[in-house]
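Please treat every number below as a calculation from the coordinates, not as lab data. This structure is a prediction, so every number in the text was calculated from the model and none was measured. Note that we place each Cβ from the backbone using ideal geometry, even for glycine, and neighbour counts take in every protein chain shown.
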């Protein structure tokens, strides 16, 4: 039996992601942020798009939980899901129907068959699948062929470094014949009993055995007995882009790939190393990061058709003219009635508003804005605003300097608004267009 048949049988027996049909991603703010098309397109183009009317392919949709997340994060978009597993597609159809999404279609076809669907896609989501295919370049090239010129692909590969212990475990179970076909209860129990009987302190058990998940067949299926599983490093990932003619857009969890953030005091490094680090390409920086700190299971990325080499001016370097031509947006995930009511309560009670309660972007930061700031930004919940309108609003609300008591001039009001927008922009809560 070929690996593709084993993989199909495995996911027919245990559809992934194994979430209850009624489960909703509405409160998973981090996942909604990642799957909102605005996040990826803004990362590349510094422009805010409208998801309504766009067509999204969920390639390898599994049981449809990510398809549901894509639908929730992109109101008005059409969702097309495909998967090898008949059972998974059946659940996906039922899931989207249960949650009221009618503009969704699901098909039992392999990735090689996406050309028969007759769609050109604005966005392709291929989550937890690419590392299973036999030819990654061929698959990415196929995605490129059905992707609109300005479209974006989001996919991921397993990290060879981070998951090395599971790859070793898989080699053991293959040698023992436990991966000759899709695993059943017998194989799960043999792995479970074997690992539990290994002495504490044995290296593989310390790394590849989660005692809180010993009763989970899903944990064993997706790790110890995962047919077709493969790992990669950053240079291999970039080589796939080059061979398939795709352009790297960015890592999905960009804040987790900050090379400088690995150092206690960047300025105290030897000057020779600082110079060498500054001369590294993005590919080299990311590779050094994974060699230092390979904590991420996935090399999770966005890519797309090459868009040219136009250099965008950093917001910090904008001219006054660019600022006064700018439009300011809250990220769409903040434009909710709940956030609006909490913002109003923050203003009336003069209390801080914790943004990460409503949109979790970087788990290491827990930003909060005070009531004075949220009062200036309040109109953004309803619609984007011109920068000059926020300056005028700030001037009306705070006409005098709270320290000196002297009147604030228009230029001072503009600087104040810039100072409050730039940190929120850098963290991803505010989107600026010029």
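Taking only Cα atoms, what is the 0 to 90° angle, nearest 10, from helix 185-197's long axis to the longest principal axis of the chain?
Tilt relative to the chain: about 80 degrees.
Quick one: angle between helix 86-98 and the longest Cα principal axis of the chain, in degrees between 0 and 90, rounded to 10, please.
Helix 86-98 sits at roughly 30 degrees to that axis.
On a 0 to 90 degree scale, rounded to 10, what angle separates helix 282-292 from the longest Cα axis of the chain?
60
In Å and from the alpha-carbon atoms only, list the Rg and Dmax of segment 315-433.
Here Rg and the maximum Cα pair distance are 14.1, 40 Å.
Mind ranking 281-293, 231-243 by how tightly packed they are, going by the mean number of other C-beta atoms within 10 angstrom, highest first?
Per-residue Cβ counts within 10 Å, averaged per peptide and sorted highest first, yield 231-243, 281-293.
Please report, in Å, the Rg and the Dmax of segment 92-212, where both are computed over Cα atoms only.
Using the Cα atoms of segment 92-212, the pair Rg, Dmax is 19.7, 55 Å.
Averaging the inverse of every distinct alpha carbon separation and then flipping it gives the Kirkwood radius. What is it for segment 164-222, in angstrom units?
For segment 164-222, the Kirkwood estimate is 11.7 Å.
So what's the Cα pair-distance distribution over segment 169-322, bin width 10 Å, in %?
8, 25, 25, 22, 13, 6, 1
For the chain, what does the convex hull of the Cα positions come to per residue, in cubic angstrom?
Dividing the Cα hull volume of the chain by its residue count gives 183 Å³.
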